[in-house]
Amino acid sequence: MNTTIRQILEEMRSGKSECNTDQLAERLSKADPKPIASELWLLCSQLAEKPAGEPAKKPNDPFNLFNDSTGSIFEQVFGGHGLQQPLPTIVTDFATDYLTSLKPKRLLNPWTEEPVGVSALLNALPSLQEACAVASNAKSVWQAQLFGQMAVRILGWSKVPEWRVGKETEKPSGARQGIFATGGRFEPNPVRTLAELKGEWDAIICFPPMGANDKTWILVTESASKLSSIGAGLFVVPLGFFPSAPQVDAYNCLGNCGLAVEAVLSIPREYRGELSGVDLSLITVRRGIQGPLFVGELQADCWMP
């Protein structure tokens, strides 16, 4: 962890200092070395607004610490089943190269708890004019927006995504808790959120929460159905997304929406972060009829034309 970030968190945890947006930006701007995007997000993920019941928040009021741990932000459990992971850097690097020739104008991440991947892609592609990302709750949106402010001031990024809080639906009576469940009466519903997003998207990128393949293919299909005629969807999925004896054929589900899987690219173990023991692949989805698949492995120094 960046030394300055560690000091900030330790001082806040011990009560020796408070921090607001301007103070945070000033300290980080003087850090040597300056934090990289993942370190900046590690810090923002530990901060939170004043809790309900305290005086109304004024501009630049101090932050609270979200929790007492500086552990990995890469482990966010949805209902004890789904593990939310950041987009591997090898995926965002590939996405930048792959999407450049398409010159997308609109980018969507339909379900994420971390802002680094979508924000990095938004700033790497000059053609992108807007990006939208959906998170499961207001806390995650606030943290992502804080990261955006810090990225502009510290990393020099010029564009930030629009963030939305995902819609919720009431759980069916007796339903077991799944990857989008939260343990209460209501659960986040990314499909309902997608239905309310207007227009088509030229690029979609997502690492769906892991834990239930049926929810994964639903999210992939519903998201990809919003692709424009030139658009491309890039999704990180586990091996079980293409089961050997499928109860639901992902290819047919996509085909029914006029979509096809163009390529399946395995992600090397060293780029899977906390999920090094889980087989992951990046799939690319385009509009069209399913044809022969391009199957390969992502490499840090090359990409598929």
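The values are calculated or read from the model by the stated rules, or taken from the named source; none is laboratory data. On a predicted model such as this, the values are computed, not experimentally measured, just so you know. Every residue, glycine among them, receives a Cβ derived from its backbone with ideal geometry; neighbour counts consider all protein chains shown.
Looking only at residues of segment 288-303 that are more than 24 Å from the chain's Cα centre (by Cα) and not in a strand (DSSP E or B), we find that the one that is modelled with the highest pLDDT is Gly288.
Within segment 151-180, the set of residues being within 24 Å of Val116 (Cα to Cα) and modelled with pLDDT under 90 comprises Val165, Gly166, Lys167, Ile179, Phe180. Considering every residue within segment 80-91, establish whether at least one is under 21 Å from the mean Cα position of the chain (by Cα), within 22 Å of Trp157 (Cβ to Cβ) and either outside the structural domain of Gly166 (by TED's automatic domain parsing) or at pLDDT below 50 (or both). No, segment 80-91 contains no residue that is under 21 Å from the mean Cα position of the chain (by Cα), within 22 Å of Trp157 (Cβ to Cβ) and either outside the structural domain of Gly166 (by TED's automatic domain parsing) or at pLDDT below 50 (or both).
Of all residue pairs spaced 6 or more apart or on separate chains, those with beta-carbon atoms under 9 Å, a first member in segment 148-176 that is over 25 Å from Val191 (Cα atoms) and crowded, with 18+ Cβ neighbours inside 10 Å and a second member that is of a type in the set (Val, Ile, Thr) and at pLDDT below 90 are Met150/Thr21. For Ala95, state whether it is crowded, with 19+ Cβ neighbours inside 10 Å, touching a residue at least 24 places away in the same chain (Cβ under 8 Å) and not assigned by TED's automatic domain parsing to the domain that holds Ala25. Yes, satisfied.
Residues in segment 119-139 that are closer than 27 Å to Gln23 by Cβ and surrounded by 22 or more Cβ atoms within 10 Å (Cβ to Cβ): Ser119, Leu122, Ala133, Ala135. Residues being part of a loop (DSSP other than H, G, I, E, B) and modelled with pLDDT of 85 or more are represented in segment 223-245 by at least one member. For Val264, the stated conditions hold: it is farther than 18 Å from Ile230 by Cβ, free of Cβ contacts under 8 Å to residues at least 60 places away in the same chain and of a type in the set (A, V, I, L, M).
Could you list, in sequence order, all residues of segment 107-131 that are in a helix (DSSP H, G or I) and either hydrophobic (A, V, I, L, M, F, W, C) or modelled with pLDDT of 95 or more (or both)?
Scanning segment 107-131 gives Val116, Val118, Ser119, Ala120, Leu121, Leu122, Asn123, Ala124.
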